[in-house]
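Trainee: Have a look at the structure that comes next, please.
The values are calculated or read from the model by the stated rules, or taken from the named source; none is laboratory data. Because the structure is predicted, anything quoted here is derived from the model rather than measured. Backbone-built Cβ (ideal geometry, glycine too); neighbour counts: all protein chains shown. To get the accessible areas, we keep the full protein, side chains included, count just its heavy atoms, and leave off ligands, DNA and RNA. Shrake-Rupley method; radii C 1.70, N 1.55, O 1.52, S 1.80 Å.
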Amino acid sequence: MAVSIQSLISCQKSFIETTPVGEFLQSNYYQTPTQVYAGIVAAYNPLGWQYYNSYSDEYVDKQIVANTLGDECFAGGGGATDVPGLQACNKYSLSGAVGPQGTLFNRNYTGIYRTNLMLQVLSGPSIPGLSTALKNRYIAEMKCLRAYYYFDLVTLFKNVPLTLTPIPLDQAFSLTQSKPASVYAQIEKDLNDAILALPAILQSSDYGRVTQGAAMAILGKAILFQNNTSRMQEAANWFEKVNSSGIYQLQANFASIFDPANKFNSESVFEVTHSFNVGNDWSNLQGVTGNMYVEMVGPRTYTGSTYYSAGWSFNPITPSFQQFMHNDPRYQYTVLDIDSLTKANGTSYIPGYQNTGFFIAKYAPLAQYASTTGNQALNFTNDYIEIRLADTYLMEAEAIVRGGGNLATAQSYLDQVRARVGLPSIPATLANIYTERELELATEGHRWFDLVRTGQAPTVLGFKGFTANKNEILPIPLDELNNTKLVQNPGYN
């Protein structure tokens, strides 16, 4: 956190320089609309982070962590020590010192610091040339992003500090953790404050920025995740505002949802952008804008022309999940059966650690989308759709059933998700809705969170070593405990 506090002052490795060469000081910046816009962009930037220190130290994004923690995928990779933090997730051998938590903690608190900073700037003296309407939109965007970052933190760690202003460096070490209820209350307040000032629809030049729909979906999700039965209808109402807005529609073709040539499609509610425009390479890991996860989940040394040849075989599909999905129409777009493919076309690949022969299809590294600039491994342009319409359909159906609402509405949304892939109607029970989420949203990073919040994790994840009343959350990073007032989460001492 102390490092993130200085993140906008200097992009140098040393954070103690008082006047970094070639950099603006924070106190002298944000004097024009262009400079303010740069600060707004900086607040969005951590959404796409996949690195903090180095590949071998801690390659991490939330999707690969959640997939590894869940029952859909193993960690995989090149060996039992390849990215130790992910291997610890796979075996639930996490500790304060070993795991992906450092990057996730830093990513979100960097985002929070930057949103807090811009909210402070926008609440200060007027900035010449910045219209009231644009200022209000910026404020709404920063509150929505702050809510998102805090939602990430409270669902991953539960016990985290709550800060609403930029914290001076000399105060960073005296912060204490807030009650989760207080964090959720602030998340809800920020989103309620933001919704009306956000645009409902974006111009193409603004794709990647938050909208009313994104804020309402995050708000509904935050209420749902608190597991308060008396508030389920409230959550359903927020999802309904998204689902009935007329802005979003299910894609007719399931496979097209994840096509890099079909970004910000009609089903996307909140999408994290990735690009090769910067031409990233290994000398600039912290500035990578491409989607490294695509490279991570590809088969190793594949000799055919369909997929990029140098994948790293992370997140192989578990045999149990492959069998679970095998007869579903979405199977071929979710599970890449590389063994069958190589046998059929005479190609080959090198099996990686925990290889099962089954890989993630939704984010497979298709050769046609390999970058022509920078290092190809770092520059795949597949976006990550954090929230899509099928997700909000199923979350609304769940909230209605749990809250005793209109079952006909729940049935309609479940039916629409299934009808898209040619499946018949089944009763809108909680069990059926949870199963549909598993099939529809497989390998998109939702499964582990669903298992935890519905209490299924100890049973389903026992084969990986999951311990109840401990592994529902991650440990606080050791670096954040040293010389601070933060305390470790239960079971990780």
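Trainee: List the residue pairs whose Cβ atoms are under 7 Å apart, where the first residue sits in segment 216-241 and is under 16 Å from Val183 (Cβ atoms) and open to solvent by 10 Å² or more (accessible area, probe 1.4 Å), the second is among the charged types (D, E, K, R) and modelled with pLDDT under 95, and the two are 6 or more positions apart or on different chains.
Mentor: none
Trainee: Tally up the residues in segment 53-94 that are of a type in the set (Ser, Thr, Tyr) and modelled with pLDDT under 95, please.
Mentor: Total satisfying the criteria: 5.
Trainee: Between a residue in segment 418-444 that is farther than 16 Å from Phe254 by Cα and any residue that is at pLDDT below 95 and open to solvent by 20 Å² or more (accessible area, probe 1.4 Å), which pairs come within a Cβ distance under 7 Å, given they are 6 or more apart or on different chains?
Mentor: none
Trainee: Continuing with the same structure: Select from segment 454-493 the residues that are more than 14 Å from Leu69 (Cα to Cα) and part of a helix (DSSP H, G or I) and write down the one among them that is farthest from the chain's Cα centre (by Cα).
Mentor: Only one residue fits best here, namely Leu481.
Trainee: Could you please let me know if Ala214 is assigned to a helix (DSSP H, G or I), farther than 26 Å from Leu478 by Cβ and under 18 Å from the mean Cα position of the chain (by Cα)?
Mentor: yes
Trainee: Answer yes if at least one residue in segment 389-398 is under 22 Å from the mean Cα position of the chain (by Cα), more than 25 Å from Gly220 (Cα to Cα) and not in a loop (DSSP other than H, G, I, E, B), and no otherwise.
Mentor: No; the residues of segment 389-398 include none that is under 22 Å from the mean Cα position of the chain (by Cα), more than 25 Å from Gly220 (Cα to Cα) and not in a loop (DSSP other than H, G, I, E, B).
Trainee: Here are some residues: Thr19, Thr34. Which one is over 20 Å from the mean Cα position of the chain (by Cα), open to solvent by 60 Å² or more (accessible area, probe 1.4 Å), modelled with pLDDT of 90 or more and polar (S, T, N, Q)?
Mentor: Only one candidate qualifies: Thr34.
Trainee: Can you name the number of the only condition in (1) of a type outside the set (D, E, K, R); (2) at pLDDT below 95; (3) buried (at least 17 other Cβ atoms within 10 Å of the Cβ) that Gln368 fails?
Mentor: The one condition Gln368 does not meet is (3).
Trainee: With respect to Thr273, determine if the residue is touching a residue at least 12 places away in the same chain (Cβ under 8 Å), β-branched (Val, Ile, Thr) and surrounded by fewer than 20 Cβ atoms within 10 Å (Cβ to Cβ).
Mentor: yes
Trainee: Name the residues in segment 72-86 that are outside any loop (DSSP other than H, G, I, E, B), open to solvent by less than 10 Å² (accessible area, probe 1.4 Å) and more than 22 Å from Phe324 (Cβ to Cβ), would you?
Mentor: Gly85, Leu86 - these are the residues of segment 72-86 that are outside any loop (DSSP other than H, G, I, E, B), open to solvent by less than 10 Å² (accessible area, probe 1.4 Å) and more than 22 Å from Phe324 (Cβ to Cβ).
Trainee: Within segment 344-367, take every residue that is closer than 19 Å to Asp82 by Cβ and outside any loop (DSSP other than H, G, I, E, B) and give me the one that is farthest from the chain's Cα centre (by Cα).
Mentor: The extreme case among them is Ile350.
Trainee: Name, by its number, the condition in (1) farther than 19 Å from Met118 by Cβ; (2) under 18 Å from the mean Cα position of the chain (by Cα); (3) in a helix (DSSP H, G or I) that does not hold for Glu141.
Mentor: (1)
Trainee: For segment 449-484: of the residues being polar (S, T, N, Q) and within 24 Å of Lys221 (Cβ to Cβ), which is least open to solvent (accessible area, probe 1.4 Å)?
Mentor: The residue in question is Asn471.
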